[in-house]
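Student: Submitted below is the structure of interest, expressed as structure tokens.
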Amino acid sequence: MHFQTELELLVKSSCSLIYVFTYEEERLECIVEDLALNDMSQAVYSWDFIQGFKVDNHIYKDTQKNPVQALDFIESFSTTSDSIFILKDFHLFFSDISVVRKIRNLSSKLDLCNHVIVISGTEPEVPNQLKHLMQFLSLPLPTKYEINLELNRLVQVLDNTIDIEVIEIIANICQGLSISQIRKIISKILVFSNNVNDLFLQKIIKEKQKQISQTSLLEVGYSEVSLDDIGGIENLKIWLNKRHNSFSDICTNYGLPYPKGLLLLGIQGTGKSISAKAIANFWNLVLLRLDIGRLFAGIVGQSEANTRYLIQIVEASAPCVLWIDEIDKAFSTSLTYGDSGTNNRVLATLLTWLAEKNSPVFVVATANNISALPSEITRKGRFDEIFFLDLPSTDERKKIFQVHLKKVRPATWHRYNIDYLAKYSKLFSGAEIQQVVIEAMYTGFNQQRDFTSLDLLNAIDSIIPLAFADSTHIKHLQDLASLGKFRPA
């Protein structure tokens, strides 16, 4: 149910205490005022710790810096009046026993009249004494429709002209941001430039990266890597190409559900991370990168709250690709955190979301060690498919050499003996082949000449591949893949 509809239903049903989890108290206040003005004709009284109660520019000073007095102010109202009281950041006073007791005493009176208290807070938990008295709501990030309305309002206020099609593109980029963040970004950019072009849109993306990075949970990635830049992985490319239009209205109207995601398992350096970037670019979707280690916090309950907030941001940014890098490092079965189950609760929240999400969020998780992952992650239903990225074959190594040589020598790459290099670099991963090219270039640069095939061969001799240094672990992964437990990429 839409937040505004649900809030209106609670108010009309005389629900006296409503707790709203949100970081956007100004937006919440606007929603409440619109409801009161358009549907219920109730007076709205807003309170914060510094100003006290404020109604029509009139401030009740006796309620300033006194939460108990604020509750007394509500209690003093006539039972025949219709009023909504917004208490901002009031959850900060729930540790005060006098405040909790006052709310419990007040609730019996509120049930007999048409008074509603809406408490806004940034903590998902309230004292047990109040849980049975309150209804809980979470204000989601603005929808695309709300963003469109705000963008049109900003354009009018700033006396600017932007085409409807461009506003639609900007709205897509701004999904996942709060209204206040959108105002700051658009106003900042329009101050410097009124010319709405590709550079303008790139500035919005960069500003969005800054805003989301402030959450310390996600990073907005901008990838120019294409699938053609990755040698091999032909099965994965075919799978992705078949689902190229999965997030379009045509696909939805056909009756197909959104794809859930992929788990890319494989040897280090075989292209798992670059594949995640290429998927976002291939499907023209925003790339969000999650560092799972940032979810965990020292305060009790904060890790779980971070996880819920992360999911809210990601779903508000949809359609998008969520890249979870090295998921095995965070949820390894061999690690003991001594965290009273925090790790398991965070994992459970993520797994439930992965299994039940209906939003157009495509999750790409990468892992190096399948044996370290809990079986709940790898079972069907969490991801659409698990692909195994093995060491490249001779033909794949040839394609990888071509990709890297074309980047650095686009006009002369065909002069190198790629066939022999591919055969000579047995057991080398894609990342190690890239390092071979870089090492050969340093040799040529140091001798003030262009690098040659011989320089590439010498570089191969100088590098010890991981497949040789960690042969036992890699052989174990290859044996599991050979049993058909994973799909070869």
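Student: Collect the residues in segment 260-314 that are closer than 25 Å to Glu376 by Cα and aromatic (Phe, Trp, Tyr), keeping them in residue-number order.
Tutor: Once the filter is applied, which keeps residues that are closer than 25 Å to Glu376 by Cα and aromatic (Phe, Trp, Tyr), segment 260-314 yields Phe296, Tyr309.
Student: Condition check: surrounded by 15 or more Cβ atoms within 10 Å (Cβ to Cβ) and either in a helix (DSSP H, G or I) or assigned by TED's automatic domain parsing to the domain that holds Phe451 (or both). Does Phe362 satisfy that?
Tutor: no
Student: Further, regarding this structure: Among the candidates Phe93, Phe85, Phe3, Phe77, single out the residue that is within 35 Å of the chain's Cα centre (by Cα) and farther than 30 Å from Thr143 by Cα.
Tutor: Sole residue among the options that is within 35 Å of the chain's Cα centre (by Cα) and farther than 30 Å from Thr143 by Cα: Phe93.
Student: I need every pair where a residue in segment 417-435 that is assigned to a loop (DSSP other than H, G, I, E, B) has its Cβ under 6 Å from the Cβ of a residue that is of a type in the set (Gly, Ala, Ser) and modelled with pLDDT of 90 or more, sequence separation at least 6 or different chains.
Tutor: Listed pairs, sorted by first residue: Asn417/Ser453.
Student: Condition first: in a helix (DSSP H, G or I) and of a type in the set (A, V, I, L, M, F, W, C). Now tell me which residues in segment 464-483 satisfy that.
Tutor: Hits for segment 464-483 are Leu466, Ala467, Phe468, Ala469, Ile474, Leu477, Leu480, Ala481.
Student: Would you confirm, using the coordinates I've provided, whether Phe451 is surrounded by 20 or more Cβ atoms within 10 Å (Cβ to Cβ), among the aromatic types (Phe, Trp, Tyr) and within 26 Å of Ile292 (Cβ to Cβ)?
Tutor: no
Student: What pairs can you find where one residue is in segment 150-168 and part of a helix (DSSP H, G or I), the other is surrounded by 11 or more Cβ atoms within 10 Å (Cβ to Cβ) and among the hydroxyl-bearing types (Ser, Thr, Tyr), and their Cβ atoms are less than 9 Å apart, with a gap of 6+ or different chains?
Tutor: Leu154/Ser187; Val157/Ser187
Student: Just the residues that are under 27 Å from Glu125 (Cβ atoms) and of a type outside the set (A, V, I, L, M, F, W, C), please, taken from segment 16-45.
Tutor: Within segment 16-45, Ser16, Tyr19, Thr22, Tyr23, Glu24, Glu25, Glu26, Arg27, Glu29, Tyr45 qualify.
Student: How do the strands (runs of 3 or more DSSP E) wholly within segment 253-328 filter down when requiring 2 or more residues that are farther than 26 Å from Ile169 by Cα: which remain?
Tutor: 261-266
The values are calculated or read from the model by the stated rules, or taken from the named source; none is laboratory data. The model shown is predicted, which means the values in this text are computed figures rather than measured ones. Ideal geometry is used to build each Cβ from the backbone, glycine not excepted, and the neighbour counts take in all protein chains shown.
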